[in-house]
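The structure appears right after this line, and notes come after that.
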Amino acid sequence: MTSNNESLIHPQAIIEEGACIGNNVSIGPWTYIAKDVVIGDNCVINSHVVIKGPTKIGEGNHFFQFASIGEDCQDLKYAGERTELIIGNNNTFRESCTVHRGTIQDNSLTQIGSNNLFMAYTHVAHDCVVGNHCILANNASIAGHVHVGDYAILGGMTGVHQFCHIGAHSFVAANALVLKDIPPYLMVSGQPASPFGLNSEGLKRRGFDKNVILTIKRAYKEIYRKGLNVNEALVNVAALADDMPELTFFAEFIKNSSRGIAR
């Protein structure tokens, strides 16, 4: 173990040789940190946490008790290959969160950004990519290869099918079952999840201009209210965009969806 803060590490914590612990890192009793784990400065790791590697963790993260971070994935194709987990800064992982490393069938990497909240019993599977400022409420689970955009919120007990993409600033209601891609800015609910409007309040809170929100609403109507197929609707959305990057982002997400969007 490499560390400059032994006084903050409980003597009953188990840290393997080869782990690298940053400055001002607090580690509680009965926590296990394996080799090939790098933990940045100012992290707090409560008791009974397991962190395995290869895993790189940024600064200011907080792991609550019984979290399992960087474990081998549950994909039956996984055969012990060297894969990785990378976590950014200032994330909170509440009780019993599970985050698995990637597989060689993808990029051998699971990646989590910064300033996210993972509530109790949430699960991030292999090869997922989670952006910044996301919230996964209690028991929300994302399957392998799922991508979650910035500021997305997944309600409690949400289940997301493998390979789905959740767009930035979207809101997925509790108990939803996501089987297709969710475009940015939408609110969805149900089993399977389907749109029930625009996340206007969330956009306002994040400083979106009112004219931008109004134009996004018009684009939403083109996709979901006029009975057009997706390609027809995207032609009309492109006309609305008029060099508005927020709307171009919306249209490009839909255009590039490989699973099809929830409608």
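The values are calculated or read from the model by the stated rules, or taken from the named source; none is laboratory data. Please read these numbers as outputs of a predicted model, since none were measured by experiment. Here the Cβ is made from the backbone with ideal geometry for all residues, glycine too, and neighbour counts use every protein chain on show. All accessible areas refer to the heavy atoms of the entire protein, side chains included, with ligands and DNA or RNA removed. Shrake-Rupley method; radii C 1.70, N 1.55, O 1.52, S 1.80 Å.
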- State which residue pairs qualify: first residue free of Cβ contacts under 8 Å to residues at least 12 places away in the same chain and inside segment 72-89, second residue not β-branched (Val, Ile, Thr) in any location, beta carbons under 9 Å apart, and separation of 6 or more residues or different chains. Gly80/Asp72
- Message: Give me the residue from segment 107-116 that is assigned to a strand (DSSP E or B) and not hydroxyl-bearing (Ser, Thr, Tyr) and, out of that set, least open to solvent (accessible area, probe 1.4 Å).
- Response: Ile112
- Message: Can you report the number of residues in segment 143-165 which are among the hydrophobic types (A, V, I, L, M, F, W, C), without any contact (Cβ under 8 Å) to a residue 40 or more places away in the chain, surrounded by 21 or more Cβ atoms within 10 Å (Cβ to Cβ) and farther than 21 Å from Thr215 by Cα?
- Response: 4
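Out of the residues in segment 117-167 that are assigned to a loop (DSSP other than H, G, I, E, B) and β-branched (Val, Ile, Thr), state the one that is nearest to Pro184 (Cα to Cα).
Val146
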- Pick from Ile104, Ile86: which is in a strand (DSSP E or B), at pLDDT 95 or above and open to solvent by 40 Å² or more (accessible area, probe 1.4 Å)? Ile86
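For (1) part of a loop (DSSP other than H, G, I, E, B); (2) over 24 Å from Leu177 (Cα atoms), each residue gets a yes or a no:
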site	(1), (2)
Ile223	no, no
Ala238	no, yes
Asp243	yes, yes
Ser258	yes, no
Arg263	yes, no
- Item | Residue identified as within 16 Å of Gly167 (Cβ to Cβ) and either buried (at least 17 other Cβ atoms within 10 Å of the Cβ) or touching a His at 6+ places or on another chain (Cβ under 8 Å) (or both) among Arg263, Arg259 | Arg259
- Query: If you take the residues in segment 55-67 that are on the phi < 0 side of the Ramachandran plot and surrounded by fewer than 19 Cβ atoms within 10 Å (Cβ to Cβ), which one is farthest from the chain's Cα centre (by Cα)?
  - Reply: Gln65
- Message: Quick check on segment 203-254: of everything there that is in contact (Cβ under 8 Å) with a residue 60 or more places away in the chain and open to solvent by less than 20 Å² (accessible area, probe 1.4 Å), which residue is nearest to Pro184 (Cα to Cα)?
- Response: Phe250
- Query: For residues in segment 187-202 being assigned to a strand (DSSP E or B) and touching a residue at least 40 places away in the same chain (Cβ under 8 Å), which is surrounded by the most Cβ atoms within 10 Å (Cβ to Cβ)?
  - Reply: Val188
- Note on the structure: Among Asn46, Asn5, the single one that is open to solvent by less than 70 Å² (accessible area, probe 1.4 Å), more than 19 Å from His100 (Cβ to Cβ) and modelled with pLDDT under 95 is Asn5
- Return yes when Pro183 is open to solvent by 10 Å² or more (accessible area, probe 1.4 Å) and in contact with a strand residue (DSSP E or B) (Cβ under 9 Å, 6 or more places away or on another chain) and no when it is not. no
